[in-house]
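Chemist: So that we are looking at the same thing, I have put the structure below in structure tokens.
The values are calculated or read from the model by the stated rules, or taken from the named source; none is laboratory data. Please read these numbers as outputs of a predicted model, since none were measured by experiment. All Cβ positions, glycine included, derive from the backbone under ideal geometry; neighbour counts span all protein chains shown. When the accessible area is computed, the model is the full protein with side chains, heavy atoms only, and any ligands, DNA or RNA have been set aside. Shrake-Rupley method; radii C 1.70, N 1.55, O 1.52, S 1.80 Å.
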Amino acid sequence: MNWLLHFLGLLPVPPGGSAAYNFWSGSGSDFGELTLIGLAYGAYRKHQCHNKGCWRIGRHQVDGTPWCNRHHQRAREGRR
């Protein structure tokens with residue numbers, strides 16, 4: 001059970017130590033990494049082709065939504 005307390009940063013603090021240091025040097029340091037992963041995923045979702053099931057990056061703006069090279073002509077025909 002000591003490993004869980006150590007991972008969560010909940011071990012007793014020695015005199016002169018900081019309880020916040022235990023957390024931020026343990027599992028709390030993962031918040032920054034999760035933020036970067038979330039940022040990358042959000043940027044991908046914003047710029048991906050809006051055709052259902054297409055994973056490509058949309059480079060052509062049609063009515064304000066991105067479309068990839070494969071679906072660009074179909075998007076033009078369907079949006080006019």
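Chemist: Helix 30-47 sits at what angle to the longest principal axis of the chain, using alpha carbons and giving 0 to 90 degrees rounded to 10?
Modeler: So the inclination is approximately 0 degrees.
Chemist: For the chain, what does the relative contact order come out to in percent, with C-alpha contacts under 8 Å and a separation of six or more? It would help to have the intermediate numbers written out before the result.
Modeler: Numbers: 75 pairs, mean separation 12.2, N = 80.
This gives 15 percent for the chain.
Chemist: Let me ask another. If I compute log10 I(q)/I(0) by the Debye sum over Cα atoms at q = 0.17, 0.18 Å⁻¹ from the structure I just sent, which labelled value in (1) -0.71, -0.76; (2) -0.65, -0.73; (3) -0.91, -0.94 lines up?
Modeler: Of the listed options (1) -0.71, -0.76; (2) -0.65, -0.73; (3) -0.91, -0.94, (1) comes from this structure.
Chemist: So, for the chain, what is the accessible surface per residue at a probe of 1.4 Å, expressed in square angstrom?
Modeler: On a per-residue basis, the chain sits at 82 Å².
Chemist: If packing is taken as the average number of other Cβ atoms within 10 Å across a peptide's residues, how do 32-38, 61-67 rank, most packed first? Don't skip to the end; give the middle numbers.
Modeler: Numbers: 32-38: 9.6, 61-67: 14.3.
Descending mean neighbour count gives 61-67, 32-38.
Chemist: Among the trypsin sites (Lys or Arg not before Pro) in the range 1-60, which ones are in a DSSP loop with at most 10 other Cβ atoms within 10 Å of the Cβ? Mind listing them?
Modeler: Values: sites: Arg45, Lys46, Lys52, Arg56, Arg59; in loops: Lys52, Arg56, Arg59.
Of the trypsin sites (Lys or Arg not before Pro), the ones in loops of the range 1-60 whose Cβ has at most 10 other Cβ atoms within 10 Å are Lys52.
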